[in-house]
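Below is one structure, written out as structure tokens; the observations come after it.
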Amino acid sequence: MDKPTPGFFGTKRFLPLFITQFLGAFNDNLFRSAIIMLITFGMAEQIGTAPAILNNVAIGLFILPYFIFSALAGQLADKYEKSGQIIWIKIWEVLLMLVGALGFYLGSLPMLIAVLAGLGLQSTFFGPIKYSILPELMNQKELLSANALIEAGTFIAILLGTIIGGLVATSEGGVLGVSVLTIIAALIGVFSGRLVPKTVPAAPDLKITKNIFASTRNQLKKAWSVDISRYSILGISWVWMYGSLYITQVPVVAKDHLQGDETVVTIFMACFTLGIGLGSMLCSKMLKGSISARLAKPALLGLLALGIALYLALPTVSESQKLLNITEFMQVPFNWFILALLLSTAALAGMIIVPMYAILQDKSDTSERSRMIAANNIVNSGFMAGGSIIATIIVAVGLTTTDVLLILALANLLLLRPAIKLHKTL
């Protein structure tokens, strides 16, 4: 197939996979957001522990499986037929959501955190399949657009899950609502997963390395030894870290610097998510299906400029106790400028990450593509965890949230050389 099929979004080759991954990301974030809200507004006080500690433990346990099991997940995805694995992974999600419903009913925080860790493990095994199956279902000219849709859908699912999880969990009868929503989403995911076309095992003779630490080390070493995979993984991981740190700082920026209440924080989150989606789709149009890294350098320079502009534009921390709701906030023209900066930042991030994923998929050998994606997931997790630790240290030594954003913006200069080398290597 030499030319992309017009309107491939609605085809069996793409739509079932899109729905399955969308609902998975939605469920992960709905459940996680619900737990964080319940911890913050009740459970932590009941057991006499600071909410920040419990929240960090919960998030840490969700991310931990990516470090430990991604290499094994990549091996399984390469060795066995992928669509069959998707079905079992989604059934696993249904079982987790049923246990989660029991945890909500019993009010058992240990059970809920265990389910959250289980969701992290389940997502660890789905991740390599989600990205490595795309080149098997799409032709090369469609691959960039397919990745753009997957990325846009993922970030929208993250936003919806986060917002709905927080709102429903704190409402009357909220735990029942969360339970019903997560179980329904998981069940639909099973049915959509069954519709994903079957593929041929990429490496049926692969011998699985049972030592997860040895397999992790070997896979990272292999990925890092190839210029294209190394530079692509660096770019993808940088954008995930960039986005996670921006989203983390958004509530502080909205409340302390712009006097916005929780509705303003929601708009900021929505703006960032829509920006990622916009950038993802825009880069697909600009590159016209060409798998290239030529947008990475200008996008990184754009992130640098926008970060400095945001740092200079944000007012100092306000001492006013009055917080503006969304209607009052949007009546201030200056705030539209801040939203535009945030939207543009997210769009540029989307323009970097989508081509990088397409490059990693297209240039990796078919027999080890899933393992390369797994290596990417390991590095992604490391970047996000490391970035969070560094940001915490920056604030702990007396700097501000805006200082974190400025340092993050300046750090884009470190990625310029890998971006240029990747473009020249292709």
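The values are calculated or read from the model by the stated rules, or taken from the named source; none is laboratory data. No experiment lies behind these values; they were computed from the predicted model shown. For neighbour counting, all protein chains shown are included, and Cβ atoms are generated from backbone atoms with ideal geometry for every residue, glycine included. We work out accessible area using only protein heavy atoms, side chains counted, and drop any ligands, DNA or RNA first. Shrake-Rupley method; radii C 1.70, N 1.55, O 1.52, S 1.80 Å.
From the residues in segment 203-248 that are small (Gly, Ala, Ser) and farther than 30 Å from residue 277 by Cβ, which one is surrounded by the most Cβ atoms within 10 Å (Cβ to Cβ)? Explain how you work it out, then say what you get.
Our first condition is that a residue be small (Gly, Ala, Ser); within segment 203-248, this holds for 203, 214-215, 223, 225, 229, 232, 235, 237, 243-244.
From what is left, the residues that are farther than 30 Å from residue 277 by Cβ are 203, 214-215, 225.
On the way: 203: 18, 214: 11, 215: 20, 225: 9.
If we take residues in segment 203-248 being small (Gly, Ala, Ser) and farther than 30 Å from residue 277 by Cβ, then 215 is surrounded by the most Cβ atoms within 10 Å (Cβ to Cβ).
Can you find a residue that is aliphatic (A, V, I, L, M), within 24 Å of the chain's Cα centre (by Cα) and closer than 30 Å to residue 421 by Cα anywhere in segment 222-231?
yes
When you check residue 203 against the structure, is it at pLDDT 90 or above, small (Gly, Ala, Ser) and out of contact with any Phe, Trp or Tyr (no Cβ under 9 Å at 6 or more places or on another chain), yes or no? Don't jump to the end; show me each part of the working.
Working: at pLDDT 90 or above: yes; small (Gly, Ala, Ser): yes; out of contact with any Phe, Trp or Tyr (no Cβ under 9 Å at 6 or more places or on another chain): yes.
So residue 203 fits the description; yes.
Say whether the condition of being of a type in the set (Asp, Glu), more than 22 Å from residue 388 (Cβ to Cβ) and part of a helix (DSSP H, G or I) is met by at least one residue in segment 302-321. Don't jump to the end; show me each part of the working.
The initial filter retains those residues of segment 302-321 that are of a type in the set (Asp, Glu), namely 319.
Applying the additional criterion that residues be more than 22 Å from residue 388 (Cβ to Cβ) yields 319.
Those left that are additionally part of a helix (DSSP H, G or I): none.
Within segment 302-321, not a single residue is of a type in the set (Asp, Glu), more than 22 Å from residue 388 (Cβ to Cβ) and part of a helix (DSSP H, G or I).
Select from segment 206-240 the residues that are at pLDDT 90 or above and of a type in the set (D, E, K, R) and write down the one among them that is farthest from residue 280 (Cα to Cα).
207
Looking at 388, 344, 381, which one is at pLDDT 95 or above, under 30 Å from residue 229 (Cβ atoms) and within 21 Å of the chain's Cα centre (by Cα)?
344
Would you please name the residue that is nearest to residue 294 (Cα to Cα), looking only at residues in segment 383-426 that are small (Gly, Ala, Ser) and surrounded by fewer than 15 Cβ atoms within 10 Å (Cβ to Cβ)?
So the residue we want is 386.
Quick one: residue 298 ticks every box in (1) buried (at least 22 other Cβ atoms within 10 Å of the Cβ); (2) over 17 Å from residue 234 (Cβ atoms); (3) without any contact (Cβ under 8 Å) to a residue 60 or more places away in the chain except a single one, so which number is it?
All conditions pass for residue 298, except number (1).
Does segment 261-274 contain at least one residue that is modelled with pLDDT under 90, open to solvent by 60 Å² or more (accessible area, probe 1.4 Å) and either in contact with a strand residue (DSSP E or B) (Cβ under 7 Å, 6 or more places away or on another chain) or of a type in the set (D, E, K, R) (or both)?
Checked against the condition, which is being modelled with pLDDT under 90, open to solvent by 60 Å² or more (accessible area, probe 1.4 Å) and either in contact with a strand residue (DSSP E or B) (Cβ under 7 Å, 6 or more places away or on another chain) or of a type in the set (D, E, K, R) (or both), segment 261-274 yields at least one hit.
Filter segment 153-178 down to residues that are more than 23 Å from the chain's Cα centre (by Cα) and among the small types (Gly, Ala, Ser) and give me whichever is farthest from residue 92 (Cα to Cα).
Result: 171.
For residues in segment 165-202 being without any contact (Cβ under 8 Å) to a residue 40 or more places away in the chain and farther than 18 Å from residue 115 by Cα, which is surrounded by the fewest Cβ atoms within 10 Å (Cβ to Cβ)?
It comes out as 172.
What number goes with the only condition from (1) within 24 Å of residue 146 (Cβ to Cβ); (2) in a helix (DSSP H, G or I); (3) open to solvent by less than 20 Å² (accessible area, probe 1.4 Å) that residue 293 does not pass?
With (1) within 24 Å of residue 146 (Cβ to Cβ); (2) in a helix (DSSP H, G or I); (3) open to solvent by less than 20 Å² (accessible area, probe 1.4 Å) applied to residue 293, the lone miss is (2).
Looking only at segment 40-78, count every residue that is outside any helix (DSSP H, G or I) and either on the phi < 0 side of the Ramachandran plot or at pLDDT 85 or above (or both) and tell me the total.
Residues flagged as outside any helix (DSSP H, G or I) and either on the phi < 0 side of the Ramachandran plot or at pLDDT 85 or above (or both) within segment 40-78 amount to 2.
I need every pair where a residue in segment 348-367 that is free of Cβ contacts under 8 Å to residues at least 12 places away in the same chain and farther than 20 Å from residue 282 by Cβ has its Cβ under 9 Å from the Cβ of a residue that is part of a helix (DSSP H, G or I) and not charged (D, E, K, R), sequence separation at least 6 or different chains.
365/372
Within segment 123-151, which residues are among the charged types (D, E, K, R) and open to solvent by 20 Å² or more (accessible area, probe 1.4 Å)?
Hits for segment 123-151 are 130, 136, 141.
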